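Contents: one structure, followed by commentary.
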Amino acid sequence: MPEQNPSPNDKQTVKDAWTKLFLAADILRTTSYSVINLDYVNFAQFPIIQFFLECPDASPAMKELIAVSGLSSGALSQAIDALVEKGFLERVSSQTDSRIRMVRTTEKFGAIRSKPVRFFGKMQADFRRSSGITPEEMRKVKSLFVRLAESRTGGELVAMKQLSDLETPDLVSVPSRRLDRLPVWMLLLHFTTNLKLPTLMYFYGNTGRISLGKLRILNYLFFLSYRKKGSPTIAELAARFHCKTGLVSQTVRALTRDDMVETVQDDRVKLTQKGLFVRRMSSKSYTCFMDRFFHGLEPEKVAFFMRFLDLMLDYLKTDGKAFLSSGEEIDIFG
């Protein structure tokens, strides 16, 4: 891996870490959905699909999936019913208590899950060749990502000023032995999902759990605000998430009622003062978490981790685009 000289202890490095992790996760998540061709899956079904992509052998109860997805019980039931009808999931009774209904994947889901697993396996091999990462370095990276995912899955969320009661919902835990089996790209998705949801759920405590549609749009607006990139139009948001403008308009109206966003001239969507406050507090939470994580690592491991993130993002934006277009008729980097 080429030598660089990041400063692992300064605040900017800590912020850069979670920003790069989120950016890479967004690219990988979009790619996985494109590879599977899940255009027919709606917003409410996405977090359920993502959970079972990460944990295909799990059989969670409804209350556990509510915590994972951030959906209301009614919305979750409808989403699961739709996925059962499509043949991806099935409902079963708990072996210990027949009154408890569990959800598990079917063989059909296992077949579609194999597509991104094979795709990213090839992509990871290509990345290793093009970046010059050695097998030993890849093992070090894997151990760091397992440690990162463990720290987030363990239910720990650092207390924020005046928000010491902020807690992580009862997320379905992924045992360490299962994390060890996951590839780096899946560990990255697992970590970022579990880091984002609790903070936003906390701020939506008075209005109910946040839907995935709201979450995706807010995440994007938070990112644009954090990077001072301006405000997108409804049409630009629809293009970004590959959905109809009517659905985006409906979600934006709901966020407007929540006083999180507002629509200004030229149909542009921007965060309100409340939305900006939530974004700042979310950023503070992410920064505090990464700072604590880094303090548990030796400085050379922090520097190694940051160099790997830079290499990964460089690949996704350059060589990764060529790799996609060479064998897959999708291009999510354009």
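The values are calculated or read from the model by the stated rules, or taken from the named source; none is laboratory data. Note that the structure is predicted; figures quoted are calculated from it, not measured. All Cβ positions, even for glycine, are placed from backbone atoms using ideal geometry, and neighbour counts span all protein chains on display.
Data overview
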| item | result |
| --- | --- |
| Region 295-313, residues that are loosely packed, with under 14 Cβ neighbours inside 10 Å and under 24 Å from the mean Cα position of the chain (by Cα) | H295, G296 |
| Which listed residue is modelled with pLDDT of 85 or more and under 30 Å from L144 (Cβ atoms), from E236, E328, E300, E262 | E300 |
| Qualifying positions in region 69-113 - modelled with pLDDT of 85 or more, of a type outside the set (S, T, Y) and assigned to a loop (DSSP other than H, G, I, E, B) | K86, G87, F88 |
| Sole residue being modelled with pLDDT under 80, of a type in the set (A, V, I, L, M) and farther than 27 Å from R279 by Cβ, chosen from V174, V141 | V174 |
| Search result, residues across region 268-283 that are part of a helix (DSSP H, G or I), surrounded by fewer than 16 Cβ atoms within 10 Å (Cβ to Cβ) and in contact (Cβ under 8 Å) with a residue 12 or more places away in the chain | K274, L276 |
| Inter-residue pairs, beta-carbon under 7 Å, first touching a residue at least 12 places away in the same chain (Cβ under 8 Å) and within 26 Å of S285 (Cα to Cα) and in region 217-246, second in a helix (DSSP H, G or I) and of a type in the set (S, T, N, Q), 6+ apart | I217/T251; F222/S282; Y226/S283 |
| Residues that are touching a residue at least 24 places away in the same chain (Cβ under 8 Å) and either surrounded by fewer than 17 Cβ atoms within 10 Å (Cβ to Cβ) or out of contact with any strand residue (DSSP E or B) (no Cβ under 6 Å at 6 or more places or on another chain) (or both), drawn from region 251-262 | T251, A254, D258, M260 |
| Qualifying positions in region 213-259 - assigned to a helix (DSSP H, G or I), more than 18 Å from A25 (Cα to Cα) and of a type in the set (S, T, Y) | S225, T245, S249, T251, T256 |
| Failed item, numbered, when T105 is tested on (1) buried (at least 16 other Cβ atoms within 10 Å of the Cβ); (2) touching a residue at least 60 places away in the same chain (Cβ under 8 Å); (3) not aliphatic (A, V, I, L, M) | (2) |
